[in-house]
Structures are given as C-alpha cells and as structure tokens.
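Taken together, the values in this text are just the output of simple stated rules run on the coordinates, not laboratory data. Fair warning: this is a prediction, and the values are worked out from it, not measured in the lab. Because the Cβ atoms are built from the backbone with ideal geometry, glycine has one as well, and the counts that use them run over all protein chains shown.
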Amino acid sequence: MSSSRSRRAMLGDVAKLGAMVAIPRPLAALLGAPSPPARSAGDRTTYAKDSDRERLAAWSARLRAERLADAKTPLARAAARVGELAIGTPYVAYTLEEYLKAGGSATKEEPLALSLTRFDCVTLVESCLAIARAARAGGTPTWERFAREVERMRYRDGKRGDYTSRNHYFSEWISDGARRGLVRDLGAELGGEKDDRPLRFMTEHRKSYPALADDRVFDAIGAMERRLDGQPRRVIATARIAEVSDRVETGDVLAFATAIPGLDVTHSAMAYRDGAGVLRVLHAPLSGGSVEITRSTLPEYVAAIKRSTGILVARPL
C-alpha cells in the first residue's frame, strides 16, 4: 500500500518499521519508464512495453517447449518455472498505486497495472500464475489474456471496480481465490492454527493510505475489514514448518504471517524445491534488489523474519 495503498503498502510500511526479514536491503534502480496504465472503461485493452510483450511470448513458449503448459502438469510447477525465468528482474514497490500519484481517483474504476519487467512480491506471484494459465489455454498467449488472468486473481470475485474492489489483505487474496477455485488453501490440512485477530491495519493507519482520505473509500475499506472478521486465517506456526515441509510443493503460494496488530501477512512468495530437494523461497524481496531464490531454506527464512508467526500456504489450481 503506498499512494493508495493496499497490502503492498502495508508490506512496505511494515518493512520501514523494521518488522521484516533481517537481510541486506539494497534498493534496485527503476529500469526504464513505467508502463502506461490499462484502459479501464470496459474494453479490457491494456498496454505494454515491447520488452513486456517479448517476455510474455518467450516465457510462454518456454513453458510449452518444456511441456509445462500441459493440463496434466501441476499449475504450480509451471508458475515456478516462470519465476525462475524472472530471476534478476528488479523489485519496484507501489506500482498499483501509480495512478493515484498521477492524479487518478480511488472512486473510479482502477486501471489494471501490469508489468513483466518489474515486480513487487505480490505482482510476481500473480504474473507467474497468469502466464502459466495463459500458456495452458492454447492459442497465442496475448497481453489481453494475461491481463484477464491477473485481474481475476487481484480483485474480489474477479471483478475490477474502484480501489476498494482489490483484495488488499493477502489472506483475502487466498480465501477469495479458494472460493472461486483458483487456489486451494492448505492451512487446515497442514495443521494450521486459527488466527482470528481482526484486520484493521488500513483503517488504523489511515494517513498512510492517501486513497482513504476520501470518506467513502475509508468507509468501504472499514466494511471490508469487518467482513473478514468471519474468515480466520490458518497459520502453520514457524516451529512446525520443517515438520510439514515435505507436503509443500514447488510453486505453492506462501504468505508470511505476522504478529503486527491488525495485519495478516508481511510478504508473499512461492515455494521452491531445488535440485537436491531442499525447500527454499522464490520471491521478489521486500528489501529491494531483484527476483531471487533464497539461499536459506524455507524454515530458516521464516525464522529470520521479525515478529513472524508462521506461513499461510495455498496451492494453485
């Protein structure tokens, strides 16, 4: 959540508060100008720089050449392969809020921000899954098809409206996707403990989210937070991650739960099992830098996060 702030700004704010992982935090320079925003008036047309389109074509072709776009191949495996291809791509925060900085309105339909040449932790996960699904669909993977796949993950019920239609808390990204068959929440089957603390981070930090300066937006976000009170998260405790690691697969979506009041998670990523079978983390690090696979194992990575309580896990379908 940044300018209009969503979970991405929450994550950024948390990082600034020193609540995130104790690892080096070099800030990567922004490469090139931002991609122009999507048209949002119903024609679904989106824009992309040539390098974005080239990556979509090349990465989709790679999935098909390696038979990872076949319906029999787990979607998570294909998404993780896209993540591998994205390694080295710079982390850039708050890309979804750029339209607000440019004078856009939080009460009008939100432009669909898309890029394959810069990511934050959530847009990396969304983009990898979107390309895997678009490649599997047959035909030439178009930018418009990629856009639609991102849109149906990013927005509640897959319907893009104003700022408030976005799944701002990542636990809702998971629960909304699970309800619509996009992912399977593995929390219960992995023995996750209920976290039923109310989520109020956005409304309790109103000044951090310029979009919430509008009373209508603030009230709508507050109503959304209250609706989530009936949806407790299932968190696999940090001490139990090693115990269940053999049941976590490459490409499973990970969210790193936190004890910070009012907040569900501070980071998102994908699980990645290397050639030796060691479970690591494939992510766009909040610290800046670029897309990477961690040297540390998943249990080690989570244990290093300040105020971490464990992980949420969801399997792409």
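Computed values, structure above
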{"quantity": "Tally of residues being small (Gly, Ala, Ser) and closer than 16 Å to His283 by Cβ across the range 118-175", "calculated": "1"}
{"quantity": "Condition met for Glu225 (outside any loop (DSSP other than H, G, I, E, B) and either surrounded by fewer than 18 Cβ atoms within 10 Å (Cβ to Cβ) or within 22 Å of the chain's Cα centre (by Cα) (or both))", "calculated": "yes"}
{"quantity": "Condition check for Arg118: surrounded by 20 or more Cβ atoms within 10 Å (Cβ to Cβ) and touching an Asp or Glu at 6+ places or on another chain (Cβ under 7 Å)", "calculated": "no"}
{"quantity": "Selection status of Ala276, free of Cβ contacts under 8 Å to residues at least 12 places away in the same chain and either surrounded by fewer than 20 Cβ atoms within 10 Å (Cβ to Cβ) or within 20 Å of Leu116 (Cβ to Cβ) (or both)", "calculated": "yes"}
{"quantity": "Residue count for the range 228-256, restricted to those that are of a type in the set (A, V, I, L, M, F, W, C) and either more than 23 Å from Ser268 (Cα to Cα) or in a helix (DSSP H, G or I) (or both)", "calculated": "5"}
{"quantity": "Helices (runs of 4 or more DSSP H) enclosed by the range 65-180 - at least 2 residues per element that are farther than 25 Å from Arg233 by Cα and not aromatic (Phe, Trp, Tyr)", "calculated": "75-85, 98-101, 121-136, 143-154"}
{"quantity": "Thr203 being under 25 Å from Tyr99 (Cβ atoms), touching a residue at least 60 places away in the same chain (Cβ under 8 Å), in a helix (DSSP H, G or I) and polar (S, T, N, Q)", "calculated": "no"}
{"quantity": "Residues within the range 264-295 that are of a type outside the set (Gly, Ala, Ser), out of contact with any Ser or Thr (no Cβ under 8 Å at 6 or more places or on another chain) and in a loop (DSSP other than H, G, I, E, B), tallied", "calculated": "4"}
